[in-house]
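Asker: Quick one: structure below, then a few questions.
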Amino acid sequence: MKYLVTGGAGFIGSAVVRRLIQATPHEVLVVDKLTYAGNLESLAAVASSPRYAFVKADVADIAKMRRVVSEFAPDVIMHLAAESHVDRSIDGPAEFIQTNVVGTFALLQAALEYWRGLTEARKRAFRFQHISTDEVFGSLPAEGLFREDSPYQPNSPYSASKAGSDHLVRAWHHTYGLPVVMTNCSNNYGPYHFPEKLIPLAIINALQGRPLPVYGTGSNVRDWLHVEDHAEALLLVSEAGESGESYNIGGRSERTNLAVVQTICALTDELAPEPAIGRRAKLITFVTDRPGHDARYAIDASKIERCLGWKPRYDFESGLRETVKWYLANRAWWERVQSGVYRGERLGVAV
């Protein structure tokens, strides 16, 4: 099969592409704009494969998307290209609307025109796979889980833009018949994660002896999913997911933000002790909370487990340990990232 993966140089996208090349016989075309979070170094392990190709392009460029889709002739379009950081969406929402909403519209139009020209057999086999987030469902109280039929209630510019893209994909299926599958995932972590997000930022700051910022009281809860588990689930959905259906993907690993940072402190103390720094827990610094910070996310992943037989391989403790080890072994990767567009500064304070 031929997979066109938008955002394939990003965190989740690169994990999908590495898995496609290393574990399947499929051919892959990566389409990525290479914004600040896109990094071709994350694809270095597979870039020499004859089944891998790359095109630098903006998904919002509809003429370019038409050409790319038509020339590559994919069996699956995996749409991961997105602006994804809540704090950045607070400071600059326009880019999120442009990429996540306008970009999804442009790609849907290109896919629809291409799909209409296929043979009947290829039409039935084709999938437009849209990857989204649990944040579109809003915030949960202390109990309960997000299900596929949970009402949408996005609370940040980021989650609102992703909710908009979800609605477009669903509409293109119901109105035009485009075969689509959708997924909404919980918070990802793992190798090659851009260090503006909580886990990689905390790991790197702990290794460097810098303050570990925790929003508010650190009581906000997230459900953590290892990126390799997510990549495996996405490929399974592309192969076996039913057209028109959506699947929630979660790690069944709820933790408060404070507990996550405390665990990172303990792991870095164990794996990279530094007498000049001392115990990393003393670096934890409580800072003003993010505006509109959702209290809790938690995914009910029973549908994908029941219908497709997927379950996460990583528990949070072993997955986080491996992640810390990866950042220890790949200091050159994150030091190059830090020398560029992001140096660990606080974002999301424009309000």
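Asker: Give the Kirkwood hydrodynamic radius (Å, one decimal) of region 32-153, defined as one over the mean of 1/r across all pairs of different Cα atoms.
Answerer: 16.8
Asker: Turning to a different aspect of this structure: How far, in nm, would the chain grow between Ala281 and Glu317 when pulled straight, counting 0.36 nm per residue and subtracting the alpha carbon separation?
Answerer: Full extension from Ala281 to Glu317 adds 11.2 nm.
Asker: Cut-off 14 Å, label point 7 angstrom out along Cα-to-Cβ of Met1: give me the residues of region 110-124 whose amide nitrogen falls inside.
Answerer: The answer is 122-124, whose backbone nitrogens lie closer than 14 Å to the label point.
Asker: Quote the Stokes-Einstein diffusion coefficient, in whole µm² s⁻¹, for region 88-152, based on the Kirkwood radius over alpha carbon pairs, a temperature of 37 °C and a viscosity of 0.692 mPa s.
Answerer: 219
Asker: Given H placed 1.01 Å from N in the peptide plane, which residues other than close sequence neighbours of Arg296 have an amide H under 5 Å from its amide H?
Answerer: When sequence neighbours closer than 5 places are left aside, the close amide H contacts are Leu140, Val221.
Asker: Find how many whole Å separate the alpha carbon centroid of region 225-299 from the alpha carbon centroid of region 106-151.
Answerer: With region 106-151 and region 225-299 each reduced to a Cα centre, they are spaced 24 Å.
Asker: Something else about it: With 10 angstrom as the radius, rank Tyr52, Tyr247 by how many other C-beta atoms surround their C-beta, starting from the fewest.
Answerer: In increasing order of surrounding Cβ atoms, one gets Tyr52, Tyr247.
Asker: Taking other Cβ within 10 Å of each residue's Cβ, how do Met1, Met78 sort, fewest first?
Answerer: Listing Met1, Met78 from fewest to most nearby Cβ atoms yields Met1, Met78.
Asker: Take every Cα pair under 8 Å in region 58-189 that's 6+ residues apart, average their separations, divide by the length, and report that relative contact order as a whole percent.
Answerer: 32
Asker: Name the residues whose placed amide hydrogens come within less than 5 Å of the amide hydrogen of Glu254, ignoring near sequence neighbours (fewer than 5 apart) on the same chain.
Answerer: Distant-sequence amide H within range of Glu254: Trp224.
Asker: On a 0 to 90° scale, report how tilted helix 11-23 is relative to the longest principal axis of the chain, with both axes built from alpha carbons and the result rounded to the nearest 10.
Answerer: 60
Asker: I need the phi-derived Karplus couplings for region 287-294: 6.51 cos²θ - 1.76 cosθ + 1.60, θ = phi - 60°, integer Hz, Gly and Pro marked x.
Answerer: So the Karplus estimates, Gly and Pro as x, are 10, 3, 5, 5, x, x, 5, 5 Hz.
Asker: Counting only Cα, what are the radius of gyration and maximum Cα-Cα distance Dmax of the chain, in Å?
Answerer: 19.7, 67
Asker: Grab the eigenvalues of the alpha-carbon gyration tensor for region 9-96, scale each by 5, take roots, and send me the semi-axes largest first in whole angstrom.
Answerer: Sorted largest first and rounded, they come to 24, 17, 10 Å.
Asker: Sticking with this one: Could you tell me the extents of region 189-327's C-alpha atoms along the three principal axes, largest first, rounded to whole Å?
Answerer: Its Cα atoms span 55, 33, 20 Å along the three principal axes.
Asker: State, as an integer percentage, the relative contact order of the chain based on alpha-carbon contacts under 8 Å between residues 6 or more apart.
Answerer: Relative CO of the chain lands at 18 percent.
Asker: Please list, in chain and number order, the residues 5+ apart from Glu83 or on another chain whose amide H is under 5 Å from its amide H, with Hs placed from the backbone.
Answerer: Amide H neighbours of Glu83: Asn100.
Asker: Of Lys2/Lys56; Lys2/Lys33; Lys33/Lys197; Lys64/Lys197; Lys56/Lys303, which ones are farther than 24 Å apart at the Cα?
Answerer: Lys64/Lys197; Lys56/Lys303
Asker: In sequence order, what are the phi-derived ³J(HN,Hα) couplings for region 197-205 according to the Karplus relation 6.51 cos²θ - 1.76 cosθ + 1.60 with θ = phi - 60°, rounded to whole Hz, with x for glycine and proline?
Answerer: 8, 4, 5, x, 5, 5, 4, 5, 4
No value in this document is a laboratory result; all are computed from the given coordinates. Everything quoted here is computed from the prediction, not taken from an experiment. Quick reminder, even Gly has a Cβ in these numbers, built from the backbone with ideal geometry, and neighbours come from all protein chains shown.
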